Amino acid sequence: MVTVLLILMPVGLIFLPTTVLLAVGMIPTVVAYVVDRDPDKTAPMTVGGLNFAGVFAFAVSLWQAGHTMAALSRILTDPFAWLVMYGAAGLGWTLYYGIPPAVAGWIILRAESKIAQRIEEQRELIDLWGTEVNGIVEDVKDA
């Protein structure tokens, strides 16, 4: 861990404008990591991927503008940049909370459809073979 920090600190200082942009733009991913109680940490993966895509677009703009602190300040004072970076993270949260219920609903609908199909098949068999095949045993009364 110390070795990683010893390598990343000088790199972060050399690429300071990009480092600042990533640090500020990726805050929603850090929040997702902190609030996610799942041991697999799926929220930061979902939010972080889209958040990084939003931040990366402005990192490219920063590099094209000369990679200076002045170019960084132009990006950070642009409300559209904040909207894109944090909006992408918001889309990640939407996917994180929206996809599981949608998939669960689809699975439930599919299962209910199969149940209805099996009940219809059972009715057809009862019509074809009689009520003896329905599996219900009636009490036999002594005559």
Which of the residues spanning the stretch 76-98 are closer than 11 Å to VAL47 by Cβ, within 9 Å of the chain's Cα centre (by Cα) and not β-branched (Val, Ile, Thr)?
-> LEU91, GLY92, TRP93, LEU95, TYR96, TYR97
Kindly indicate whether any position in the stretch 71-91 is touching a residue at least 40 places away in the same chain (Cβ under 8 Å), in a helix (DSSP H, G or I), aromatic (Phe, Trp, Tyr) and out of contact with any strand residue (DSSP E or B) (no Cβ under 7 Å at 6 or more places or on another chain).
-> yes
From the set of residues in the stretch 14-56 that are surrounded by 13 or more Cβ atoms within 10 Å (Cβ to Cβ) and among the small types (Gly, Ala, Ser), which is nearest to MET85 (Cα to Cα)?
-> GLY54
Those residues that are basic (Lys, Arg) and modelled with pLDDT of 95 or more, I need them from the stretch 89-143; list them, please.
-> ARG110, LYS114
In the stretch 8-45, what count of residues is obtained for those that are assigned to a loop (DSSP other than H, G, I, E, B), modelled with pLDDT under 95, within 21 Å of the chain's Cα centre (by Cα) and not acidic (Asp, Glu)?
-> 3
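The values are calculated or read from the model by the stated rules, or taken from the named source; none is laboratory data. Here the structure is a predicted model, which is why all the values come from computation and not from measurement. Neighbour counts run over all protein chains shown; Cβ positions are idealised from the backbone, glycine included.
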